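All remarks here apply to the structure that follows.
The values are calculated or read from the model by the stated rules, or taken from the named source; none is laboratory data. On a predicted model such as this, the values are computed, not experimentally measured, just so you know. Here the Cβ positions follow ideal geometry from the backbone for every residue, glycine too, while neighbour counts run over all protein chains shown.
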Amino acid sequence: MTIPYPNTQPVPAIAAVTPPSGASRPRVTFLGTGYLGATYAICYAELGYEVLGFDVDADKIAKLNAGEVPIHEPGLDELLRRNLAAGRLRFSTDIAETAAFGDVHFICVGTPQRADGMGADLSYVEASVTSLAQHLTRKALIVGKSTVPVGTAEWVEQLVGKHTPADLGVEVAWSPEFLQEGFAVDDVLRPNRIVVGVKSEWANGMLYAAHKGVFDLAATEDREVPLVVTDFATAELVKVAANAFLATKISFINAMAEVCEASSGDVTQLARAIGYDPRIGNRFLQAGLGFGGACLPKDIRAFQARAQELGAGEALRFLHEVDLINLRRRTRVLQLAADLLGRRSGPAGPDLSGTRIAVLGATFKPNTDDVRDAPALAVAALLHKAGADVHVYDPQGMDNARRAVPELSYEADIAEAVTGADLVCVLTEWADFRNADPGLLGDLVAGRRVVDARNCLDSALWTQAGWEYRGMGRP
Ligand SMILES: NC(=O)c1ccc[n+]([C@@H]2O[C@H](COP(=O)([O-])OP(=O)(O)OC[C@H]3O[C@@H](n4cnc5c(N)ncnc54)[C@H](O)[C@@H]3O)[C@@H](O)[C@H]2O)c1
């Protein structure tokens, strides 16, 4: 039956459905136990669901079953161990077991940028859905959580139709995900909204039952979690539209930083002043090194590519500019480094040979170990390419950074990274760096010069301690 859409309701009136397994609550599986899927599997067990996490990466699954979280996400370790011990949570590489277990299967595999263009690589979605569908022996709901181009859910529905007998009645839904690394546990347990794209009352009911733990937790905390029930296309678009908006907001303030740099304005004061207007707001309005990570950059590119395919490319042309503003911030740090070190730039950029530079930060933001498309690591690589001897320290991202950019030197702590440095670049705003004592660090370096690429240091304090300080978009 078709239900009216869009249907936005804080307290939904949705008919109860019985899970096909006969269990009182739907049994849930998460296919792909990376940043998204592992966090979800663990948090849903914490909410009381019986959960099975599936991945093709046997090492990852072995770690998870041994109580070891393969990523750095605050609070997740303890929840993993507690729920493994409670018997509600397990992990497997066996797709037949996964198919047999679940009533609701969440697809959480990666959708990276394609190697040959800006579009999203859907091969992991295709592989996971196909293998799951081929092993299903009863009715189930397959729910996409990965971020995908609009139209993917319809395509997944066709794939499922191709690989499951029609009489099983397997259905598809899409529920995009908004968690932020570093806050992922709270974002999953206490989301600011849930969006579902469904085609039937049954799918709507199953998804409601699969989220009931979240609604129940909210009720005990006297909160409401708004639920937006909509069609496939809108659900898919909600996610990329949200990321496009956030990326635009960051690039807007970084564009203002560029103008401040040309006119000796101070973008930090400008941002504060405009952010007091509630229509603008001050969140995501910090000028600095720009956005990175496994989501915003590839999502705005895939969005443009998909809009182009649909004949709506003009509408998203501004996202190209958003991307360029963002990438220009990386070369700005290189320029500031050259200025502070008294090196001139030639046509191939500055020559930094013979200098030693400490890079503080490798992850794309604090409180994660994720270095995918991390601006910090990209800048460290640029400094290295310009000839500098680069020494990196990051509180959690060292292993991933070393694998991604092995040609840099990696140090055990801040002190080792800055010892003998001609310049310190703070590229990720970890609390350890924000709170570092400029006096103590000043005793270790060869020259008191600092680039604060995240505008996260107290510039007066550093200047008083004898440092030559450069921020982003600041005089
Ligand atoms: N990381 C985030 O903060 C975040 C937030 C919102 C949305 N998303 C979206 O969620 C999706 C996953 O992102 P992620 O950061 O967790 O990626 P990830 O790379 O950390 O994890 C993907 C996992 O999928 C596994 N996988 C690959 N092929 C598989 C298959 N055929 N079957 C089962 N598992 C398979 C990989 O081994 C890996 O563990 C992406 O679409 C991303 O855009 C991510």
| So which residues in the stretch 116-152 are in a loop (DSSP other than H, G, I, E, B) and either at pLDDT below 95 or within 11 Å of Leu31 (Cβ to Cβ) (or both), if there are any at all? | Lys145, Ser146
| message | Every residue in the stretch 160-181 that is away from the ligand (no atom under 13 Å from the Cβ) and either of a type in the set (Asp, Glu) or surrounded by 18 or more Cβ atoms within 10 Å (Cβ to Cβ) (or both), please. | response | Val160, Thr164, Asp167, Val170, Glu171, Val172, Ala173
| query | Among the residues of the stretch 287-320, which ones are aliphatic (A, V, I, L, M) and free of Cβ contacts under 8 Å to residues at least 24 places away in the same chain? | reply | Ala307, Ala312, Ala315
| task | Give the residues of the stretch 400-431 that are over 18 Å from Gly471 (Cα atoms), out of contact with any strand residue (DSSP E or B) (no Cβ under 8 Å at 6 or more places or on another chain), outside any loop (DSSP other than H, G, I, E, B) and touching a residue at least 24 places away in the same chain (Cβ under 8 Å), sorted by residue number. | result | Asn400, Ala404, Ala415
| task | Would you mind telling me which numbered condition in (1) of a type outside the set (Val, Ile, Thr); (2) free of Cβ contacts under 8 Å to residues at least 60 places away in the same chain; (3) buried (at least 22 other Cβ atoms within 10 Å of the Cβ); (4) more than 23 Å from Ala100 (Cβ to Cβ) Asn192 fails? | result | (3)
| task | Return the residue satisfying two criteria in turn: it lies in the stretch 267-316 and is outside any loop (DSSP other than H, G, I, E, B) and of a type in the set (Asp, Glu), and of such residues it is nearest to the ligand (Cβ to nearest atom). | result | Asp299
| Among (1) surrounded by fewer than 21 Cβ atoms within 10 Å (Cβ to Cβ); (2) more than 13 Å from the ligand (Cβ to nearest atom), which single condition is His135 missing? | (2)
| field | Candidate set: the stretch 140-156, residues that are touching an Asp or Glu at 6+ places or on another chain (Cβ under 8 Å) and more than 12 Å from the ligand (Cβ to nearest atom); chosen: the one farthest from Cys295 (Cα to Cα) | value | Ala140
| field | Out of Thr33, Thr98, Thr39, Thr18, sole residue that is among the polar types (S, T, N, Q), assigned to a loop (DSSP other than H, G, I, E, B) and either closer than 25 Å to Val148 by Cα or at pLDDT 95 or above (or both) | value | Thr33
| said: Being more than 10 Å from the ligand (Cβ to nearest atom), on the phi < 0 side of the Ramachandran plot and either buried (at least 20 other Cβ atoms within 10 Å of the Cβ) or assigned to a loop (DSSP other than H, G, I, E, B) (or both) narrows it down to one residue among Glu68, Glu78; which is it? | reply: Glu68
